[in-house]
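Below: one structure, written as C-alpha cells.
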Amino acid sequence: MARNNLRVFDALDNVKTEFFHFKAVVISGMGFFTDAYDLFCISLVTKLLGRIYYHVEGSSKPGTLPPNVSAAVNGVALCGTLAGQLFFGWLGDKMGRKKVYGLTLMIMVICSIGSGLSFGHSAKGVMTTLCFFRFLLGFGIGGDYPLSATIMSEYANKKSRGAFIAAVFAMQGFGILTGGGFAMMVSSIFNKMYKAAPYQIDPIGSTVPEADYVWRIILMFGALPAALTYYSRMKMPETARYTALVAKNAEQAASDMSKVLQVEVQAEQEKVKQLTQKSSASFGLFTKEFARRHGLHLLGTASTWFLLDIAYYSQNLFQKDIFTSVGWIPPAKTMNAIEEVYKISLAQFLLALCSTVPGYWFTVGLIDIMGRYAIQLMGFFFMTVFMLVLAIPYHHWTQPANNIWFVVLYGLTFFFANFGPNATTFIVPAEIFPARLRATCHGISAAAGKAGAIVGAFGFLYLAQNQDKSKADAGYPAGIGVKNSLILLAVVNFLGLLCTYFLVPEPNGKSLEDLSRENEDDNNLEAEAEAEAEGGKHITLPV
C-alpha cells in the first residue's frame, strides 16, 4: 500500500515531546475545565433554587424545583451542547479550527455571567432567564468538544497523541473538583456570615435572603478561567493538517509549523495538490464512499458515546440524590439552605478527588501503552460489574453501617468511567476520520453522547423516584426506584461494551493520515473497491 505523506506531517508525527505540546494541552484543556465546571455546578445549587423560589408554606420539607423546572434547569445546557457540537464541528471543518475557537470561548464567558445575573419578578421569570443563558452556555461548550479534540490530535506526535488528547479531556476532572471546592468555599463563608436555623426549626428563616447570591456567584465563576485563556487561543496558529489538506496552502502550513517546531519545514505545494486531487480527498459525509470507509467507525464512536453518557450523566447530575438516599447527606429539613449547598458540594468534591480525577490521569498515563480499545472495553466491563454490585444487594447498602462502602463502590464506577470510555470516546473520533471531516464527525459522535446525557439526565429524574408514590419527591410520579435504575444502567454499560467490541478500531501508534487513509494511492483504493464488488471482504477498520 503506497504512502505519500507530507514532510510537515512526518515532522509533527515524529517530533519529541516539546513545550508547545504542553502549552496546547493547557490552552485547549482550560476550555474543558470551564466546560465541566459549568455543566456540573448546576447540580450543586438546584436544591438551593428549590428552597428560594419554590417554598411551600406549612410544608414539612423544604421547597424543591417542580419536575418540569428541574428537568429544564438540569438538561437545557445539555440540549445547547448537543446543538453546539453539531454546528461548531461542521463550522470547524468549513472555516478552520482557529477561526471559530475563540468564538466558543466568548460565548461561554458571556453566558456564564448571564446565568448568574438571571433576573425576573417571579420564580418563573428567573428560571426562564436562567434556562435561556444555560442553553446558550451549552451551545458554546458544545463547540469546544470537536475543536479542542481535533486541534490537539493534529498538533500531537504519533507516539504520545492519545496521552495529549486525554490530558485535554482530563481537565474536566479539575473543573468538577474546582466546582465542588469553590461552592464549598462560598457556602461556608455565607453560612458563617449569615447564620440560620435548620428548616425543621425555622422554615422561613432557614433560607436567608443572601442565599440568592450564593448560587449566582457559583455560576458566574465559570467565566473566569475561560476569559483568562482567550488571548492564548487567538495566538495559536491553525493546524498544519487543516491548512494543507483542507485550505490547500502548503506554504502557510510549513511556515506555521516551522515556528511551532522551531525547525525548518519545507513547503510541498505540488504534493499537496496531488493529495487533494485524489478521489480519497473528495468524498463527502453523505456519500457511499464515506459509508464504505468510515460508516461503521462513525456508528461505533456515536453509539458508544451515547450509551456511556446515559450512565455517566445520570450518575453525575443526580449523585446528590443517591448520597441522600444512603444517608451520606443528612435529610434536607435538618439543614439550612446554605449548609445543604456545602454538604452536597463536599460530597462531589470528595468523589471527584478520590475517583474522577485519578481515573482521568490513569488514562493519560496508560492510553498509549494499553491502547484506546482495551481501556474502553475494560471501563465498560467494570462499570457494568460495579453497577450490579451496587444494585442487587441495594437494601444492604442503605443500612447506616454500610453507607461508606456504597460510596466507595459508587466512586469506583466513576473511576472506571474516566479510566475507560468517558475519555476514550472523546479521543478516538479525533483520530480516525479525514481532516476535512474530522471536526464534523467528532461533533456528531459527541452530539450522540449528549443525546445519551439528556436521556440519562431527564430519565433518571423520574426513574429513580420511589416505587411508592407517597414517598416520591413532590410533583413526581412513582418511579422504578434507585435499585432498578442502577440495574438498567448496568445493562446500558454492557451494551456499550458490545458496541466497543464490534465497532471501535484501535488507532494507537498510527499517523492520522494512515488512520483516515488520506495518503493512499487511488490505484490501491480502486483495487479494494473491485475486490469488494467481487465478493471480497469488506474492509472497514483502518490498517
Over the Cα atoms of the stretch 90-248, how large are the radius of gyration and the largest Cα-Cα distance (Dmax), in Å?
20.3, 71
How high is the relative contact order of the chain, given as a whole-number percent (alpha carbon pairs under 8 Å, six or more residues apart)?
24 percent
Largest first and rounded to whole Å, the semi-axes √(5λ) derived from the alpha carbon gyration tensor of the stretch 328-467 read 32, 18, 16
Is there a pair in LYS273/LYS450; LYS61/LYS192; LYS158/LYS271 whose C-alpha atoms are over 31 Å apart, and which pairs would that be?
LYS273/LYS450
Mind jotting down the three principal axis lengths of the chain based on Cα atoms? Whole angstrom, largest first.
79, 48, 36
Positive-end residue of PHE9, VAL76, PHE419, charge dipole of the chain with Cβ unit charges
VAL76
Once R0 is set to 51 Å, what does the formula 1/(1 + (r/R0)^6) return for the Cβ-Cβ distance between HIS395 and MET220, expressed as a FRET efficiency to the nearest 0.05?
0.75
Compare the Cα positions of MET108, ALA163, ILE42 along the charge dipole of the chain (+1 at Cβ of Lys, Arg; -1 at Cβ of Asp, Glu; about the Cα centre) and return the one farthest towards the positive end.
ILE42
Long-range share for the stretch 117-184, i.e. C-alpha pairs more than 16 Å apart as a percent of all pairs, stands at 66 percent
Dmax and Rg, reported as Rg then Dmax, of the stretch 3-81 (C-alpha, Å)
23.2, 76
Relative to the longest principal axis of the chain, what angle (0 to 90°, nearest 10) does the C-alpha long axis of helix 337-351 take?
40 degrees
Checked the stretch 180-328 against the a/c 1.5 cut and the a/b vs b/c comparison, axes a ≥ b ≥ c from its Cα gyration tensor; verdict oblate
Quick one: longest stretch of the chain between exposed loop GluC sites (Glu not before Pro), exposed meaning at most 15 other C-beta atoms within 10 Å and loop per DSSP?
265-533
Kindly express, to the nearest 10 degrees and within the range 0 to 90, the angle between helix 211-220's C-alpha long axis and the longest C-alpha principal axis of the chain.
0 degrees
Between VAL263, PRO507, PHE119, whose Cα lies farthest towards the positive end of the dipole of the chain when Lys and Arg beta carbons carry +1 and Asp and Glu beta carbons carry -1, centred on the Cα centre?
PHE119
Globularity index of the stretch 79-155, i.e. its alpha-carbon radius of gyration over 2.2 N^0.38 Å:
1.24
Hydrodynamic calc, the stretch 34-131: Kirkwood Rh from Cα pairs, then Stokes-Einstein at 10 °C with viscosity 1.306 mPa s, so D in µm² s⁻¹ is 104 µm²/s
³J(HN,Hα) across the stretch 249-259 via Karplus (A = 6.51, B = -1.76, C = 1.60, θ = phi - 60°), whole Hz, x for Gly/Pro?
10, 5, 5, 5, 4, 5, 5, 4, 6, 4, 6
In debye, nearest 20: dipole of the stretch 216-296 around its Cα centre with unit charges on the Cβ of K, R (+) and D, E (-)?
400 debye
Would you mind counting up the charge near PHE380? Only other residues with Cβ under 13 Å from its Cβ, with Lys and Arg at +1 and Asp and Glu at -1.
0
List the longest stretch of the chain that has no exposed loop site; here a site is one of the chymotrypsin sites (Phe, Trp or Tyr not before Pro) assigned by DSSP to anything other than H, G, I, E or B, with at most 12 other Cβ within 10 Å.
287-543
Working only with C-alpha atoms, what are the Rg and Dmax values of the stretch 264-412, expressed in angstrom?
23.4, 74
Placing +1 at every Lys and Arg Cβ and -1 at every Asp and Glu Cβ, with all other atoms neutral, what dipole size does the chain have around its Cα centre, in debye to the nearest 20?
980 debye
Checked against a 24 Å limit on the C-alpha separation, the offending pairs among LYS333/LYS469; LYS124/LYS471; LYS94/LYS510; LYS98/LYS248 are LYS124/LYS471; LYS94/LYS510
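Since every read-out is calculated from the coordinates, none of them should be taken as a lab result. Remember, predicted model here, so these are calculated numbers, not experimental data. Backbone-built Cβ (ideal geometry, glycine too); neighbour counts: all protein chains shown.
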